[in-house]
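Heads up: the structure comes next, in structure tokens.
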Protein chains: 2
Amino acid sequence: MTMSAIPATRRAFRLRYRPKGAVTPDVFDLVEEPMPTPGPGEVLTRTLWLSIDPYMRGRLSDAKSYAEPVPIGGVMEGETVGEVLLSNHPRFAPGDVVVGPRGWTTHLTAPGDMLYKIPPDGAPPSTYLGVLGMPGTTAYSGMTDIGQPKAGETVVISAAAGAVGSVAGQLAKRAGARVIGIAGGAEKCLYIQDTLGFDGAIDYRAVDVGAALDELCPNGIDVYFENVGGDIQHQVFRRLNPFGRMVMCGMVAEYNDPEPRPGPNLMRVVRNRLRIQGLIVSDKPERFGEWRRLATPWVKEGSLKYREDVIDGFENAPQALIDILAGRNFGKLLVRVA
Amino acid sequence: MTMSAIPATRRAFRLRYRPKGAVTPDVFDLVEEPMPTPGPGEVLTRTLWLSIDPYMRGRLSDAKSYAEPVPIGGVMEGETVGEVLLSNHPRFAPGDVVVGPRGWTTHLTAPGDMLYKIPPDGAPPSTYLGVLGMPGTTAYSGMTDIGQPKAGETVVISAAAGAVGSVAGQLAKRAGARVIGIAGGAEKCLYIQDTLGFDGAIDYRAVDVGAALDELCPNGIDVYFENVGGDIQHQVFRRLNPFGRMVMCGMVAEYNDPEPRPGPNLMRVVRNRLRIQGLIVSDKPERFGEWRRLATPWVKEGSLKYREDVIDGFENAPQALIDILAGRNFGKLLVRVA
């Protein structure tokens, strides 16, 4: 790779306005702009994979949150896997593949200290955005710090075929729990049972979730890994056992709501001594390395299952975000940029 | 004390029916019935003090809860301090004063192993039902296991002049936190500030709670010790800081509701990584002894403040329960039986 291979411009999605409800493609501007130059300690990467995740909806809003919103006119947030084109950092050289540069653009500059170099004998690079990356680490952190499933307990996972839910459920299975997944559509439900090995699956689009939970969780629910919110949250909540834990990872079904819906009455938290706790994976950055060390062998040997849903072409990133917010993805959603 | 001093009958309140909404006096039957005889390992006590606590509303309902409801026709539940009249247990002798016999009656039999003998040089016997007993231990356990207030944090306590809230707030003050109490009426609010030493008080009957919280908690709220539910819960919840904790001790304002009210939308739990956790003091019985050892010197030296609201006459117990559910007590509510 020589300097001459670096184009003069990059493409980037910049935020045009803050959507009030559903996201539409015109929320973003696709612009062509001068190639940035890496500063001291930085590298320039060519984006290979762009991760699409439900949390991105929050970055479009200026409601107070754990992270700053993307400013109007700013490059949209997102994690990438990229190939190093230029390096001003001693640990990186052109040709290295790294995870960590952030932004919806075809080329990024990023501080080398923030990046992880994917080893050539590691798992496939895209997995460092999914099963081995932020979503997998989220599942690991949520189950380790909050869910703590035990052998014989009943664990329910929503968005169970997704990047986070699929790992959360497999971790609960490894702990010896009985695991029920909730997902939309027969295909995902088959996958949850046949490939992920969960003990049961509920297609929330086809059946009454409450009745299905009664049938599949006759002893109540001990751990709920919450990704969706909405009516599913209420149905699971009212079946939580004494000392039940609710890992509050996300509520994707409500992200487009202009006004918050009512939550469950909390008297059950007192009566049943429930613990409801929220989780943002970046609060414990040490979990990322822990999880990569723990799970890379599982991914390479095939004992930890994952599924990727790949959209080709950088220009399709906005539609991919719209799709994931509607649950139309099946597995970890990725945009293949190059 | 000789056998001849023991009357042939006792008086007892037995549950007549389960109230659907507000409690009325006719929920209980006052009956005169034969004096029970203590079995092996048991003692017979003459009730001196009967504790009246908001949790008792739950015992009238057959909704699934952590404790069995009082059966129709059964003696109403409640903790007492009593004087031992007869003892079949080696640790107790007539004349001993004990805390622990349970039931709304003038005389009780109880297993000696369940009782604590109040030392003659201890704090006043009634305090073992309040500041040193179940309510004080509840505050201690909630703050130790869930609230964990730190120096400089802002802590809000509802029902702050009550038996639990007053101790919870004083513990937060000892931890170096800034403490704001919520209570009904000017008199309680004066007490919270002048006697308990809290940093501020909000009279929820007189002011807009949300506006008052904004004024008194300009840096948001880190710990909420929840005793009341209702609109106060919503107002505090939406001001909880990142990593805020909500100690779910009770929701007395909703105990008479025939249908549950909506709770707060839980998206804030994700965004702010809140921890909402319920607490029943009997889950950790070791906390009772710990707290007595820790707090008895504080009570005797006067550094831990408490206030008792004493109703004279066993026959007034039902009205006392009605009053506490309406917040008409001021301090730990006790019925003086003898």
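Read-outs throughout are calculated quantities, based only on the coordinates presented, and are distinct from any laboratory measurement. Just so it is clear, the structure is predicted and the values come from calculations on it, not from any experiment. All Cβ positions, even for glycine, are placed from backbone atoms using ideal geometry, and neighbour counts span all protein chains on display.
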**Report entry** Burial ordering of A:80, B:37, fewest other beta-carbon atoms within 10 Å first
**Finding:** B:37, A:80
Report summary line: Once the in-chain neighbours fewer than 8 apart are removed, the lysines whose Cα is under 19 Å from residue A:117 read A:300
Query - Sequence of B:86, B:190 once ranked by neighbouring C-beta atoms within 10 Å, starting from the fewest - result: B:190, B:86
Query raised in the report: So what is the diffusion coefficient of the protein assembly as shown in µm² per second by Stokes-Einstein at 20 °C and 1.002 mPa s, using a Kirkwood Rh over Cα pairs?
Result: 77
Report task. Would you mind calculating the gained length between residue A:24 and residue A:208 on full extension (0.36 nm times residue separation, minus the Cα-Cα distance), in nm to one decimal? Result -> 63.2 nm
Query raised in the report: Which lysines, on any chain, are close to residue B:64 with Cα under 23 Å apart, when same-chain ones fewer than 8 places away are left out?
Result: B:20, B:284
Query raised in the report: By a straight-distance test (C-alpha under 16 Å), which lysines pair with residue A:173 as possible cross-link partners, with residues fewer than eight away in the same chain excluded?
Result: A:150, A:305
Report task. Report, for residue A:114, each distance to the same residue's label point in the other copies, shortest first and in nm; define the point 7 Å along Cα→Cβ. Result -> 6.1
Requested in this report: As a check on your grasp of the helix formula, calculate [θ] at 222 nm for the protein assembly as shown: sum -39500 (n - 2.57) over DSSP H runs of n ≥ 4, divide by the residue count, round to the nearest 500.
Outcome: -6500 deg cm²/dmol
Query raised in the report: Length gain on complete extension for the stretch residue A:259 to residue A:8, per 0.36 nm per residue less the alpha carbon to alpha carbon distance?
Result: 86.0 nm
Query raised in the report: For peptide B:236-243, how many partner chain Cβ atoms fall within 10 Å of a residue's Cβ, on average?
Result: 1
Requested in this report: List the distances, in nm to one decimal, from the label point of residue A:33 to the label points of the same position in every other copy, shortest first, placing each label point 7 Å from Cα along the Cα-to-Cβ direction.
Outcome: 8.0
Query raised in the report: Could you give the semi-axes, largest first, of the ellipsoid that matches chain A, computed as the square roots of 5 times the alpha carbon gyration tensor eigenvalues and rounded to whole Å?
Result: 36, 22, 17
Query raised in the report: Over all residues in B:244-250, what is the mean tally of Cβ atoms on other chains that come within 10 Å of each residue's Cβ?
Result: 3
Query raised in the report: Taking only Cα atoms, what is the 0 to 90° angle, nearest 10, from helix B:286-301's long axis to the longest principal axis of chain B?
Result: 80
Query - Built amide H within the under 5 Å cut-off of residue A:243, gap 5+ - result: A:273, A:274
**Report entry** Backbone HN-Hα couplings from phi across segment A:31-42 [Karplus 6.51/-1.76/1.60, Hz, Gly and Pro as x]
**Finding:** 10, 9, 8, x, 5, x, 10, x, x, x, x, 9
Query raised in the report: Which distance in nm do the two modelled labels at residue B:328 and residue B:145 give, with both placed 7 Å along the Cα-to-Cβ direction?
Result: 3.4
Query - Near-label residues of segment A:139-166 by backbone N, under 13 Å of a point 7 Å along Cα→Cβ of residue A:290 - result: A:139-148
Query raised in the report: Residue by residue through segment A:182-191, which ³J(HN,Hα) values in whole Hz follow from phi under the Karplus form 6.51 cos²θ - 1.76 cosθ + 1.60 (θ = phi - 60°), with glycine and proline marked x?
Result: 10, 7, x, x, 5, 5, 5, 5, 4, 4
Report task. State the percent of C-alpha pairs, over all pairs in segment B:134-282, separated by a distance greater than 22 angstrom. Result -> 31
Query raised in the report: To the nearest whole number, what is the average tally of beta carbon atoms from other chains within 10 Å of the beta carbons of peptide B:272-281?
Result: 6
Query raised in the report: So how much slack lies between residue B:336 and residue B:33, counting 0.36 nm per residue of separation and subtracting their Cα-Cα distance, in nm?
Result: 107.0 nm
Report summary line: Which residues qualify? For residue A:48, with a placed amide H closer than 5 Å and at least 5 residues away or on another chain, they are A:81, A:82, A:83
Report summary line: The set of residues whose placed amide H lies less than 5 Å from the amide H of residue B:10, leaving out same-chain residues fewer than 5 positions away, is B:33, B:35
Query raised in the report: Among A:140, A:170, A:63, which residue has its Cα positioned farthest towards the positive end of the charge dipole of segment A:56-174, with +1 placed on the Cβ of Lys and Arg, -1 on the Cβ of Asp and Glu, and the dipole taken about the Cα centre?
Result: A:170
Report task. Sort A:124-132, A:28-36, A:231-239 for me by packing, meaning the mean count of neighbouring Cβ atoms within 10 Å per residue, highest on top. Result -> A:124-132, A:231-239, A:28-36
Report summary line: Residue by residue through segment B:136-141, the couplings from Karplus 6.51 cos²θ - 1.76 cosθ + 1.60 with θ = phi - 60°, in Hz, x for Gly and Pro, are x, 5, 4, 4, 4, 5
Report task. Specify whether the C-alpha gyration tensor of segment B:164-252 places it in the rounded, prolate or oblate class, a ≥ b ≥ c being the square roots of the eigenvalues: rounded for a/c under 1.5, otherwise prolate if a/b is larger than b/c and oblate if not. Result -> rounded
Query - Sequence-separation-based contact order of chain A, relative, with Cα cut under 8 Å and 6+ spacing, percent - result: 17
**Report entry** Position residue A:328, label points 7 Å along Cα→Cβ, spacing to each other copy in nm (shortest first, one decimal)
**Finding:** 6.1
